[in-house]
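K.L.:
The structure under discussion is supplied below as structure tokens; questions concerning it will follow.
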Amino acid sequence: MNHPTLQLTQQHYISEGRDRVCYLHPEDENRCIKITKTGCDRILKRINREIRYFEKYQRKGRYYPFLSAYYGPVETSMGEGHMFEIVRSYDGSVARTLQSYWCEKRELLDEAGEAELRDEISTKVMEIYQLCCANKIPLSDLNGENLLMVYENETDYSLKLIDGFGNAHFIKVMDWFQKTSSYKLTKQFNKMFDCLIGRPLVAR
Ligand SMILES: Nc1ncnc2c1ncn2[C@@H]1O[C@H](COP(=O)(O)OP(=O)(O)O)[C@@H](O)[C@H]1O
Ligand SMILES: [Mg+2]
């Protein structure tokens, strides 16, 4: 069946990263559509890899609430896009990135407040790190812009990964062995946390 092309305008714009622009789905407030900025090979490879992982999880009937769900490709007035679950908090607002939260909030804090904020973020990142380890989720691009904060109420939040799944390495050892997988994930989370906050997440 042929689906009509979805009309996207700047009114639907949510945000963008290095490679993709994220728009609100014009007919479904629970979905967003990501459009690739350029057709460069490296980017397309990365995006296709991520989609293959989503399809693999779907085939195996695996649903991970800490990853934004994937709903397939779609034709839009801005070219081919990919539909994902839009990440929202309890009040309906689109979730913000952990990176922007940390950068904005720390500006307003003294040293003690900043230390508390580091601990708070560390607890939240630790939760998603443990979920990734337990479910052997391979990651390739972990950073504070790919982690969104979902508020369950005014004060409590959890993190959701919106981008950067999949194993970039040809030999997908970490998909098979729990130990290798945890080792790699620990390295990736430590590196990301160190870049964001200035200290490793898990003691080495
Ligand atoms: N599922 C989503 N729900 C809400 N906002 C999102 C979602 N996916 C992406 N965004 C927003 O769009 C930005 C860019 O999306 P992302 O998929 O990370 O693009 P890129 O591939 O360029 O890194 C994110 O940093 C975030 O602000
Ligand atoms: Mg990103």
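K.L.:
Can you tell me the relative contact order of region 10-85? Whole percent, Cα pairs under 8 Å, sequence separation 6 or more.
P.N.:
Result for region 10-85 is 27 percent.
K.L.:
To one decimal place, what Kirkwood hydrodynamic radius in Å is obtained for region 1-112 from all pairs of distinct Cα atoms?
P.N.:
15.9
K.L.:
Related question: Choose one answer from 95, 69, 112: the residue with the largest mean-square fluctuation in a GNM of the chain with alpha-carbon springs under 10 Å.
P.N.:
Comparing 95, 69, 112 in the GNM, the peak value goes to 112.
K.L.:
With a cut-off of 11 Å, note down the residues of region 24-44 whose backbone N falls inside the zone around a label point 7 Å from the Cα of residue 14 toward its beta carbon.
P.N.:
Output list for this probe position: 24-26, 29-35.
K.L.:
Pairing the Cα long axis of helix 41-59 with the longest principal axis of the chain, what angle in degrees results, from 0 to 90 and rounded to the nearest 10?
P.N.:
90
K.L.:
Between 139, 67, 44, which gets the highest mean-square fluctuation from a Gaussian network model of the chain, Cα cutoff 10 Å?
P.N.:
The residue with the greatest mean-square fluctuation here is 44.
K.L.:
Connecting C-alpha atoms closer than 10 Å in a GNM of the chain, tell me which of 82, 12, 25 has the biggest fluctuation.
P.N.:
12
K.L.:
In addition: Just want the answer: with Cβ charges of +1 for Lys and Arg and -1 for Asp and Glu, which residue in 22, 72, 61 is farthest toward the dipole's positive end in region 10-85?
P.N.:
61
K.L.:
Return the long-range amide H neighbours of residue 157 (sequence gap of 5 or more, or a different chain), with a cut-off of under 5 Å between placed amide H atoms.
P.N.:
Those qualifying (amide H under 5 Å, at least 5 residues apart or on another chain) are 152.
K.L.:
Report the charge-dipole magnitude of region 96-197 in Debye, nearest 20, computed about the Cα centre from +1 at each Lys and Arg Cβ and -1 at each Asp and Glu Cβ.
P.N.:
On the way: 12 positive and 17 negative charges, 168 e Å.
Around 800 debye, computed over region 96-197.
K.L.:
Can I ask one more? Mind listing the phi-derived Karplus ³J(HN,Hα) values for region 81-89, rounded to whole Hz, using 6.51, -1.76 and 1.60 with θ = phi - 60°, and x for any glycine or proline?
P.N.:
x, 10, 8, 10, 5, 7, 8, 10, 8
K.L.:
Could I ask something else about it? Averaging sequence separations of C-alpha pairs under 8 Å and six or more residues apart, then dividing by the length of region 96-197, give the relative contact order as a whole percent.
P.N.:
Reported as a whole number, the value is 31 percent.
K.L.:
Could I ask something else about it? Tell me, what is the percent relative contact order of the chain, built from C-alpha pairs under 8 Å that lie six or more residues apart? Present the calculation step by step, with values, prior to reporting the outcome.
P.N.:
Working: 290 pairs, mean separation 36.8, N = 204.
Relative contact order of the chain: 18 percent.
K.L.:
Using the crude model of +1 on Lys and Arg Cβ and -1 on Asp and Glu Cβ, and no other charge, please compute the dipole size for the chain relative to its Cα centre, in debye to 20.
P.N.:
1360
K.L.:
On to the next question. Give me the tail of P(r) for region 96-197 as a percent: Cα-Cα pairs with distance above 22 Å. Don't skip to the answer; put the middle values down first.
P.N.:
On the way: 1640 of 5151 pairs.
Everything past 22 Å amounts to 32 percent.
K.L.:
Report the label-to-label distance for residue 126 and residue 58 in nanometres (one decimal), using points 7 Å from each Cα along the Cα→Cβ vector.
P.N.:
3.6
K.L.:
Another question about this same structure. Work from the charge dipole of the chain (Cβ charges, +1 for Lys and Arg, -1 for Asp and Glu, about the Cα centre) and give the residue of 133, 33, 112 farthest towards its positive end.
P.N.:
About the Cα centre, the residue reaching furthest to the positive side is 133.
K.L.:
Using only helices, what value at 222 nm comes out for the chain when you add -39,500 (n - 2.57) per DSSP H run of length 4 or more and divide by the total residues, to the nearest 500 deg cm²/dmol?
P.N.:
So the calculated ellipticity at 222 nm is -12500 deg cm²/dmol.
K.L.:
Going by amide H atoms built from the backbone, whose H comes under 5 Å of the H on residue 6, apart from near neighbours?
P.N.:
Here the answer is 75, 76, 77, since their amide H atoms fall under 5 Å of that of residue 6.
K.L.:
Given the alpha-carbon gyration tensor of the chain, what are the semi-axes of its equivalent ellipsoid in whole angstrom, ordered largest first, with each equal to the square root of 5 times an eigenvalue? The partial results should precede the final answer.
P.N.:
Numbers: eigenvalues 162, 103, 45 Å².
Largest first, the chain gives 28, 23, 15 Å.
Bear in mind these aren't lab numbers, they're just calculated from the coordinates by the rules spelled out. What you see is a predicted model, and the numbers here were worked out from it, not measured in a lab. All Cβ positions, even for glycine, are placed from backbone atoms using ideal geometry, and neighbour counts span all protein chains on display.
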